[in-house]
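See below for the structure under consideration.
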Amino acid sequence: QAPAYIRAISPYQPGKPISELARDMGLVEASIVKLASNENPLGISPKAKEAIARAVQDLARYPDGNGFELKAALSERTGVPMSGIVLGNGSNDVLELVARTFLTPGAEAVLSQHAFAVYPLATMAVGAKPVVVPAKDFGHDLDAMAAAVTDKTGVVFIANPNNPTGSFLPGDRLQAFLEKMPERVLVVLDEAYTEYLPDADRYDAIGWLTRFPNLLVTRTFSKAYGLAGLRVGYGLGDAGVVDLLNRVRQPFNVNSLALAAATAALGDEEFLAKSAALNQRGMNQLTRAFEAMSLSWLPSWGNFVTVKVGDGDTVYRALLAEGVIVRPIASYGMPEWLRVSIGLPEENARFIDALKRVLVG
Ligand code: PMP
C-alpha cells in the first residue's frame, strides 16, 4: 500500500480540455472558448514552429540530455553560466526536482495560502510537510513566511506573480526576504509569468544569484512563449544547487521538439512583445467589463485575472454550458472566485457575454 502521505494528496485539477467539453455537451470544438489554463492565445511563435518541423526529422534519436543549445541560448540571454541552468519538462518538473532533492520525509516547505498548487503537491509527494502561511490581500505575506521558517524548513516557494491570485511582490521586498533566509534554506522564486510584467515592475532576480546561492529562479516556456503543450521550463541558480538537481533529474527529461522549439522561441522577440501587448489589452477589456458589472476582481500581473462571482462552481458549470471554459479555484480555498485566462479579444468578448447571461439569469 502507498504511504499515508501519498494517499493524503488531492490530485491537481487541470483545466477541462476542449475535446472533453465538446463530447459532454455535444458542442462543436471550434465553438468552444478555453480560458482555463493561462495559455498563450496567439499559439506558438512562427520561429518555434519552423524549428519543430526541422526537429521532427530527427526523432529516432534521443534528445540532447544536457540541452546544450537551449542552455547556451539561455546563458547568453541571462548571463547565468550554463552550469547554473537546469532544464525541466515544464517548470513543474523543476519544482518537483527541488522537492526530491532538497526535502526529506518530515521536512517542511513554506508556501503561501492561495499559492500555486504544485508546491504542496511536490512537497507531499516526498513525505515532507507543506507549511501554509495565511495570505495577505490574496498575496504572499513575506514577513509571516519568514517567521514560519524553522530548523526543519528545506525549501520556501514564492510565486511572483502568483497563480491564481495574480499578486505581485516588488523586487526590494523579495531582496529583503532573501537577506533574512538562512543559507541552508533553498528559496524558489517561481517567475512563470515574468515576461508579462510591465517595465516599471521589472526586477533583476538573476543579478542576485551571486549574492544568494540559496536562490533558484524558475521560468517557463508555457506562458508568454506559447509552448505549454511541449513542456519546457528551467531553473537558474548556483552551480552547486543545479548540480544536485541534475543528479536527480531524469536523463532525457526534455524532449527534442521542446528543446528545438524553446531555443527558437527565445530568439523571437517580436512574438514575445506581441503576446505581452495582447495580454495588456485583454486585461483591460476584462477588468473594464467586470467594473461595468460591479464585480470584484484581483489586480493581476499575469496572463489571467481572478473575479468574484458568488458560487464559483455553479457559475463555472453555467459557463461550460455556454461553451466557455474557465477555472474554478475552490481547491485554492477561493470557492467564490473564478480564474479567467486572457484570450484573444473575441474570446474575451465571448466570455463576458456568457458571464452576463449566467449572472443575470
Ligand atoms: N508556476 C506557476 C506559478 C504556474 O502558474 C505554472 C503553470 N500553471 C507553473 C509554474 C508551471 O508551468 P509549466 O510546468 O507549464 O512550466
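What follows is calculated from the coordinates using simple rules that are stated; it is not laboratory data. The model shown is predicted, which means the values in this text are computed figures rather than measured ones. Don't worry about glycine lacking a Cβ; one is built from the backbone with ideal geometry, like all the others, and counts go over all protein chains shown.
Miscellaneous remarks
- Label point 7 Å beyond Cα of GLU69 along Cβ direction - residues of region 243-283 with amide nitrogen under 20 Å: 251-272
- For ASP172 and SER294, the difference between the fully extended length at 0.36 nm per residue and the C-alpha to C-alpha distance is 40.5 nm.
- Each of ILE9, ILE52, ILE325 has some number of other Cβ atoms within 10 Å of its Cβ, and from fewest to most they run ILE9, ILE52, ILE325.
- Ordering of 55-66, 126-137, 82-93 by packing is 82-93, 126-137, 55-66, highest average first (other Cβ atoms within 10 Å, averaged per residue).
- Spherically averaged projected area of region 46-268 from its Cα convex hull (nm²): 11.5
- Applying 0.36 nm per residue to the separation of GLU76 and ASP151 and subtracting their alpha-carbon distance, the gain on full extension is 23.3 nm.
- The protection proxy used here, the mean number of other Cβ atoms lying within 10 Å of each residue, ranks peptides 39-45, 148-154 as follows, highest first: 39-45, 148-154.
- Ranked packing of 301-307, 115-121, 261-267, most packed first, by mean Cβ within 10 Å: 301-307, 261-267, 115-121
- FRET efficiency for ASP204 and ARG7, using Cβ-Cβ distance with R0 set to 25 Å, rounded to 0.05: 0.05
- Computed from label points 7 Å out along Cα-Cβ, the spacing between ARG317 and THR104 is 4.7 nm.
- Sorted by Cβ density within 10 Å, fewest first, the residues MET124, MET283: MET124, MET283
- Residues of type lysines that LYS152 reaches as a straight line, Cα spacing below 29 Å, ignoring anything fewer than 8 places off in the same chain: LYS129, LYS136, LYS180
- Charge context of GLU336, other residues only, Cβ under 14 angstrom, K/R +1, D/E -1: +1
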